[in-house]
Amino acid sequence: MTRDDFESVVHEHQGMVYSIAFHFFHNPAIAEEVAQEVFLKLFEKRRAVEAGAHCIAWLRRTTTHRCIDTLRRSNFRHEVQMEDLPEVSVAATESDPLLQEGIRRLIASLPDKPRAVMVLRYGQDMDPEDIGKTLQMPVRTVWSHLNRATALIREKAARYRMEMEHEPDGTRPSRGIASEGSASGLR
Amino acid sequence: MRKLMVAVWMMIAGTCLAQQIDLKALDQFAAKAKSKTEINMDESMVKSAASFLNPEKGDEAAVKKSVNGLKGFFLRSYEFDNSGIFKLEDLKPILDQIKGPNWTSFLRNQEDGEQTEIWFHRTNGQIDGMLLVAAEPGELTVINAVGLTRLEDLSALGEFGKLADQSQKKAPPKP
Amino acid sequence: MERDLREALRRREAPPGFAERVLARTQQPETRGHSWVWLAAAALVLLMIGGIGVVQEQRRQAEGERAKQELMVAFRITGSKLRDVQERLATIQQRALQRSEQ
């Protein structure tokens, strides 16, 4: 990959790399830092990485590993056990984006591997086989993480919706603990 | 001019090599010996060896003092199973080399089938070489030390007394 | 559920100026990768030179020790022979003395 190729890659895939990091940490500052590091590493290794599919796979793999490493190195890791995931927080307004925000926060609270699996599956639309190769884990483990995490998120989302439907006075209750600790404590 | 250069070269060569004796004539005894010691050390080897001598270690310190100026050391020592393997006449090729005017005899003794000779080479009256021949039935030793100035230097590892004194006293009168 | 998940985790745009910031950082350590290679090569050359030097020194040491041992042997034999000569001289002198007294 030439230097010009590298520049093109940065412009073309900055969104993908940033997205993975953002959804992993739910923190834009950390996401940018990690994303920059990934591209700098690509720059160092550009002669060994071919543009195209090889490069995309490389970027996904490196970004995910960098996210996991950064999370593990951070002094404050506010991971929550799957069973202890907080309820989706309900704030004042009505729209589903709040549910989505809650889901994002929930995902950013998962342990590192399930978190990475969910981000790659639903954020990057990757097959479990490809996720397994990226994270160097067996496919059945990928499925296991997917199933557990999805089930829990589904359960909490369903509870949230139920509460929405049964609120007698039309207002939305403020309830639950916002899953704010996922990444805000990271330096 | 060319003849002059050849003459000068021969003088230099003669001066350099005069103290060194060709010991090839003794090679024939090496194969017949039951035990042998052969040492050929030119000036560079002597210097190299001297640099490894430990000045604080007994014997090595004594030798280190003695090798100053030594330009070569050539030794042949053979022991034979029986006394008939070599004869004193076999030493002639060695002794023929010390007939020049610069060689003077310090000691010559022949008795009961044993022969001991010590010769010094002098240049401008100064000792700068030595030949020792010690032959007896069943044993032959020839030692040639080039650059040697004092006999007692060679006895660094042995007792030595009057022989050293006598070597200093027997310098021939200058022509 | 899957729709919600995909919607929640949909691709985000990188912040404005992200690409420029990345490219700016790549301008500085242009030879970063190269310097590693050069450093490694230089280290290897130094190691080789050092290694050759060490081997040569070891050889010199071994040869010097060998020469030293030869010299020590030479001096021991010579010292021994000179002692023999001395003893023989003493014997000769003794005999000459006895003859003169007779």
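The values are calculated or read from the model by the stated rules, or taken from the named source; none is laboratory data. Keep in mind that what you see is a predicted model, and the values were worked out from it rather than measured. Neighbour counts run over all protein chains shown; Cβ positions are idealised from the backbone, glycine included.
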Yes or no: region B:146-154 includes at least one residue that is modelled with pLDDT of 85 or more and touching a Leu at 6+ places or on another chain (Cβ under 9 Å).
yes
Can you tell me which of (1) out of contact with any Phe, Trp or Tyr (no Cβ under 9 Å at 6 or more places or on another chain); (2) farther than 30 Å from A:HIS54 by Cα is the one A:ARG140 doesn't meet?
(2)
Which residues, taken from region A:96-112, are assigned to a helix (DSSP H, G or I) and among the small types (Gly, Ala, Ser)?
A:GLY102
Output the residues belonging to region B:107-146 that are in contact (Cβ under 8 Å) with a residue 60 or more places away in the chain and surrounded by fewer than 20 Cβ atoms within 10 Å (Cβ to Cβ).
B:THR123, B:GLU139
Can you spot a residue in region A:2-9 that is of a type in the set (S, T, N, Q) and more than 8 Å from chain C (Cβ to nearest Cβ)?
yes
Please find, among C:GLN61, C:GLN27, C:GLN69, C:GLN86, the residue that is farther than 30 Å from B:ARG150 by Cβ, within 14 Å of chain B (Cβ to nearest Cβ) and not β-branched (Val, Ile, Thr).
C:GLN61
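Would you list the strands (runs of 3 or more DSSP E) that sit entirely within region B:46-135 and hold 3 or more residues that are under 30 Å from C:ALA62 (Cα atoms) and of a type outside the set (Gly, Ala, Ser)?
B:72-79
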So which of B:LEU88, B:LEU17, B:LEU75 ends up being at pLDDT 90 or above and within 20 Å of the chain's Cα centre (by Cα)?
B:LEU75
Can you work out which of the residues in region A:28-55 that are part of a loop (DSSP other than H, G, I, E, B) and touching a Ser or Thr at 6+ places or on another chain (Cβ under 8 Å) is farthest from the other protein chains (Cβ to nearest Cβ)?
A:ALA51
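Looking at region A:88-100, is at least one residue surrounded by fewer than 21 Cβ atoms within 10 Å (Cβ to Cβ), within 13 Å of the chain's Cα centre (by Cα) and either more than 19 Å from C:ASP4 (Cβ to Cβ) or modelled with pLDDT of 95 or more (or both)? Please lay out each step first, then the result.
Initial filter on region A:88-100 (surrounded by fewer than 21 Cβ atoms within 10 Å (Cβ to Cβ)): A:89-100.
Right, trim to within 13 Å of the chain's Cα centre (by Cα) and you get A:100.
After this cut, where a residue has to be either more than 19 Å from C:ASP4 (Cβ to Cβ) or modelled with pLDDT of 95 or more (or both) as well, the list is none.
No, region A:88-100 has no match at all.
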Residue among C:LEU5, C:LEU44, C:LEU23, C:LEU82 that is without any contact (Cβ under 8 Å) to a residue 60 or more places away in the chain and either exposed (fewer than 10 other Cβ atoms within 10 Å of the Cβ) or within 23 Å of the chain's Cα centre (by Cα) (or both)
C:LEU44
For region A:2-46, how many residues meet the condition of being within 13 Å of C:ALA19 (Cβ to Cβ), under 12 Å from the mean Cα position of the chain (by Cα) and without any contact (Cβ under 8 Å) to a residue 24 or more places away in the chain?
1
Filter result (more than 7 Å from every other protein chain (Cβ to nearest Cβ) and either surrounded by 13 or more Cβ atoms within 10 Å (Cβ to Cβ) or at positive phi (or both)) within region B:23-39:
B:LEU23, B:ALA25, B:LEU26, B:PHE29, B:LYS32, B:ALA33, B:LYS36, B:GLU38
Scan region A:34-72 for residues that are exposed (fewer than 15 other Cβ atoms within 10 Å of the Cβ) and closer than 28 Å to A:GLY102 by Cβ and jot them down.
A:ASP69, A:ARG72
